[in-house]
1. Evaluate the following for F70: is it modelled with pLDDT of 80 or more and either out of contact with any Asp or Glu (no Cβ under 7 Å at 6 or more places or on another chain) or surrounded by 10 or more Cβ atoms within 10 Å (Cβ to Cβ) (or both)?
2. Mind checking which pairs have a first residue in the range 26-44 that is over 17 Å from F55 (Cβ atoms) and a second that is acidic (D, E) and open to solvent by 80 Å² or more (accessible area, probe 1.4 Å), Cβ under 8 Å, 6 or more apart or different chains?
Amino acid sequence: MYEQIREDTLFIIFYSGVMVVALIASCYLLFRRSNAIAPEITPPVRLRRWVAAFFAAITLNHLWYMPIFFLSSSEDIMMNDLVGGLLDSMTVLRTPRH
């Protein structure tokens, strides 16, 4: 099963594309003050930073699964999936209550 995923080029391209889009969205929200669609509307800085952190976490979640697909043997891939899943669950962002 995992050998098919390694050879599935379309899956790898789509997976990498989602990671790049999340990275671009994170950088855009951190470095741009106004809205691209409606420039007269400026969202709060705190909201932009929280959403940028969320997209950065999505980028990291996609990033640490890449070595699993390319460097692991078929015997080690189940343990690597477990470790990757644990890292995913540790990066859930907790929002403060007001």
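1. no
2. Here the result reads S34/E40, each pair linking the range 26-44 to a residue that is acidic (D, E) and open to solvent by 80 Å² or more (accessible area, probe 1.4 Å).
The values are calculated or read from the model by the stated rules, or taken from the named source; none is laboratory data. The shown structure was predicted, so the numbers you read here are calculated from the model rather than taken from an experiment. Ideal geometry is used to build each Cβ from the backbone, glycine not excepted, and the neighbour counts take in all protein chains shown. Surface areas here come from the heavy atoms of the whole protein model, side chains and all, with no ligands, DNA or RNA. Shrake-Rupley method; radii C 1.70, N 1.55, O 1.52, S 1.80 Å.
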